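The values are calculated or read from the model by the stated rules, or taken from the named source; none is laboratory data. All of these numbers come straight from a predicted model, not from anything done at the bench. A quick note on method: Cβ atoms are made from the backbone with ideal geometry, for glycine too, and the neighbour counts reach across all protein chains shown. Areas reflect the complete protein model, heavy atoms only, side chains present, ligands, DNA and RNA absent. Shrake-Rupley method; radii C 1.70, N 1.55, O 1.52, S 1.80 Å.
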Amino acid sequence: MSYEMKYPHLFSPIQIAGQPFKNRIFGAPTGFIDQDKNGMLPPEAALYYARKAMGGAAAVTVGGCAVDSELGLGQGYTIRLDSHFSGASYSLHGLTRVSESVARYGAVCCGELQHAGMYANRWLNPPGIAYGPVDSVDIDGRSVREMPEEIIERTIQKYADGAAFLKRCGFGMVLLHAGHGWLLHQFLSKRLNTRTDKWGGAAIENRARFTVAVLDAIRKAVGPAFPVEVRITGTEGYKGGYDIEEGVAIAKQIDGKADLIHVSVGSHEVEKVFTLTHPSMFCEDGCNVKFAAEIKKHVKSPVAAVGALTDPELMEEIIASGQADVLSVARGLLSDPDLPLKARAGCKEDINACMRCLACFSNLMSTGRFRCAINPELGWESEMRVETPKINPRKVLVAGGGIAGMQAAITCAQSGHQVILCEKSDALGGTLKCEDAVPFKRLLKDYLLRQAAAVDKAGVEVRLNTAVTPALAGEIAPDAIISAMGAVPVVPKIDGIDGSNVLSAEDAYVHPEKTGERVVILGGGLVGMELAVYLSILGKKVTIVEMMDHVNDGGNYQHMKGLQEELDKYNVDVKLSTKALSIDADGVLCAQDDTKAHIDTDTVIYAVGQRPLRDDAFGLSACAPEFYPVGDCITPKNIMNATNMAYAVSRSIGRV
């Protein structure tokens, strides 16, 4: 009797240019920019990419491989395929280590060939030379030169040499990046490429000539039985950019030359569409698949779709219905690299689905390290691979059932400890449960439910409606206490704050019916701004009052891009450098510089920060031999901080 697979189309093998792939889930290109100035990848990079292969992806793509280290670097910390000394390459050993680590798990290692074109060398001080389709001026005032014929020919060879080098390093495939605002996309764009020679102008054949020439050169360099994937922008998605009809025309130009046409949207370089290229939580699942599906109708080459793909049922339907041949997944394999294995086993409920909060991207750009709000292992693969010392089982009391508390309880139980989790409310999830009804927080709600189920599955004893006090801790007599008591909203000291027309943000989330038609939110942080969007969806007219001269994105500036789009869409009035002086029955008296003004409103909501429950948390410090405060009770930050701290601390219990 054969095994009945739940997603047979998603896990059917596919052969591309003679290379077999075991399923249709490919790891989309994600860069690893924690490297030295010569572009040398550290050993941790191999573990990072191999983890996706271990989790069942059929292909894993190494992002950001620059083909021209002199004229093509979009940033300093980039893999440089042409960085040589004495006939050898700085990148050879690191890239070979990556390819071997991926291949040993049965996945194909792919390398993304990249050139920044007109956006190259901006990171230099002063900015360096950049070539684009035509003479232009960069946003920082730098002159961009029209790429002459000899540089075009030089660049074509650079791409070919880069592909050949990756093949030498053991890669089984390359992805030619011709989208997202990089060099080849610049030449494909009608808006940017207004040349009058054979490399540009109105005719798509001319604007695509560069990409076609690169494909021909790569094929000559790597041979016939080596897959060449091409990522294109199916639609630019902004005013003045090209639409899907032009995307189809581009795809037709490379059809038959590209072994796999990978259809994305938008551009890294246009803020308006950044969160379409990298779908935010405000986008629907698989929001960009329709563009791949349209292009697939017009080409013979296989087509890959990308963007907001984590649900195996949706992924199965996309492949089964013929909308795409391959699904390229980036953040979904960061939040859960085992997504393919879990989907194949029919365990959809166990997939740690990406919330599309963009914390990973923001952290990568800010610090050079990938981190995930809900996967505490991401970025610590080397630590995960080291065998841990024998754990001595302990009785562990976890105080608080929010983000940190649930993660701590799960990790402790999985490590072999006896765990008692006490939560003072009637449900697990903490303060974030107040956002259950928010439509764009659906994935957060799913995560909280999944964590609560994991607590139960791990065998944790859960006591709801139970506040942990020193007396209770004395009765339980734990060997270790993890205090995850969280924080409470700061109540601003403003006259009238106790009025009947005033709510906390948490109360407004839970009971939006308590708010009137006009709402003023005090505080321009993420809580206040997201609440403004939610209330706007419900039809309220919202004004945000913020004392600072800027809103506070909490360090997640990529999420802020999508959030700003929503604020603009709903015409939320954001008043910066404005202080609330007092609240009365009719609204809020505010001051901006020396000018006072009254904002008439029905409801005032405060969202000015959180106060950590440190006294309560540290009041348990003498109640057990081991004591660990985690999460917001130390300093209120974010989900990523709480999850990572709880996970790391829990793994340290029972070592002595």
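Below are the figures for this structure:
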| item | result |
| --- | --- |
| Within the range 1-108, strands (runs of 3 or more DSSP E) holding 1 or more residues that are on the phi > 0 side of the Ramachandran plot and touching a strand residue (DSSP E or B) at 6+ places or on another chain (Cβ under 8 Å) | 59-66 |
| Selection from the range 91-147 of residues that are among the acidic types (Asp, Glu) and within 25 Å of residue 29 (Cα to Cα) | 100, 112 |
| So residue 624, is it touching an Asp or Glu at 6+ places or on another chain (Cβ under 8 Å) and open to solvent by less than 30 Å² (accessible area, probe 1.4 Å) | yes |
| Residues that are of a type in the set (Gly, Ala, Ser), part of a loop (DSSP other than H, G, I, E, B) and touching a residue at least 60 places away in the same chain (Cβ under 8 Å), drawn from the range 134-171 | 170 |
| Residue satisfying all of: in the range 1-60; open to solvent by 20 Å² or more (accessible area, probe 1.4 Å), of a type in the set (Lys, Arg) and under 23 Å from residue 366 (Cβ atoms); nearest to the chain's Cα centre (by Cα) among these | 51 |
| Filter result (assigned to a helix (DSSP H, G or I), touching a Phe, Trp or Tyr at 6+ places or on another chain (Cβ under 9 Å) and not hydroxyl-bearing (Ser, Thr, Tyr)) within the range 492-526 | 505, 508, 512 |
| Test: residue 396 is buried (at least 20 other Cβ atoms within 10 Å of the Cβ), more than 29 Å from the chain's Cα centre (by Cα) and more than 25 Å from residue 48 (Cβ to Cβ) | yes |
| Boolean, residue 573 is surrounded by fewer than 19 Cβ atoms within 10 Å (Cβ to Cβ), acidic (Asp, Glu) and under 15 Å from residue 501 (Cα atoms) | no |
| Selection from the range 139-169 of residues that are at positive phi and either modelled with pLDDT of 95 or more or hydroxyl-bearing (Ser, Thr, Tyr) (or both) | none |
| Residues that are open to solvent by less than 60 Å² (accessible area, probe 1.4 Å), out of contact with any strand residue (DSSP E or B) (no Cβ under 9 Å at 6 or more places or on another chain) and either on the phi > 0 side of the Ramachandran plot or not charged (D, E, K, R) (or both), drawn from the range 182-207 | 199, 200, 201, 203, 204, 206 |
| Evaluation of residue 112 against (1) open to solvent by less than 30 Å² (accessible area, probe 1.4 Å); (2) in a helix (DSSP H, G or I) (one fails), failing number | (2) |
| Hits in the range 120-133 - residues which are touching a residue at least 12 places away in the same chain (Cβ under 8 Å) and open to solvent by less than 30 Å² (accessible area, probe 1.4 Å) | 120, 121, 130, 132, 133 |
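Residues checked against (1) farther than 24 Å from residue 632 by Cβ; (2) in contact (Cβ under 8 Å) with a residue 12 or more places away in the chain; (3) surrounded by fewer than 19 Cβ atoms within 10 Å (Cβ to Cβ); (4) β-branched (Val, Ile, Thr):
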| residue | (1), (2), (3), (4) |
| --- | --- |
| 476 | no, yes, yes, yes |
| 481 | no, yes, no, yes |
| 511 | no, no, yes, no |
| 517 | yes, yes, yes, no |
| 522 | no, yes, no, no |
| 525 | no, yes, no, no |
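Table: residues versus (1) open to solvent by 20 Å² or more (accessible area, probe 1.4 Å); (2) assigned to a strand (DSSP E or B); (3) touching a helix residue (DSSP H, G or I) at 6+ places or on another chain (Cβ under 7 Å).
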site	(1), (2), (3)
544	no, yes, yes
565	yes, no, yes
583	no, yes, no
598	yes, yes, no
620	no, no, yes
632	yes, no, yes
635	yes, no, no
642	no, no, yes
